[in-house]
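I have placed the structure first, in the form of structure tokens, so that the comments after it can refer back to it.
Readers should treat all values here as calculations from the given coordinates under stated rules, not as data from a laboratory. What you see is a predicted model, and the numbers here were worked out from it, not measured in a lab. In this analysis, Cβ positions are derived from the backbone assuming ideal geometry, glycine residues included, and neighbour counts consider all displayed protein chains.
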Amino acid sequence: RLYWVNAGDARIRGMDVTGGEVATHATGLAPVGLAIDATHVYWTEMAAGAVMRAPLAGGAPEMLADEQLDPFAILVVDGRIYWTSYNGGLDGPIMSRPVAGRAPGVGPGVRPLGGPGLRHTSQCIYVLSQVGAVLSTPRR
């Protein structure tokens, strides 16, 4: 499937890559970042300061983290969610938490510039900063 954020009507949409009907998986205030795992769609709500998820099969959205400073890019891998903090273009941490847990955590010693994207390897989470630097933190 292919998933995207439709900013015009604040919907997270998806469809089969071979075509077919477009489905709405979730609606939000202003979804920014988007990530998918086998069961859920995850997104950041920059204006609301929240990290959210909803089941791909349909269902109510669930807030995973609130009171975040401009959550932006998001990644879900191996049962953890990682997201960046845009913070108006200033330094912001890479945050992480278990998919099923409650308390967010901060990547040790990393203060990226709210990069536009997150990537991962088996060892690290990488973020591309606004000034083009690649920063990393160990996966945990």
| Given a Förster radius of 30 Å and the C-beta distance between M63 and Q123 as r, what FRET efficiency does 1/(1 + (r/R0)^6) yield to the nearest 0.05? | 0.50
| In region 1-92, what GluC sites (Glu not before Pro) fall in a loop by DSSP, with at most 15 other Cβ atoms inside 10 Å? | E21, E67
| field | region 1-79: trypsin sites (Lys or Arg not before Pro) falling in loop per DSSP and having at most 16 other Cβ within 10 Å | value | R1
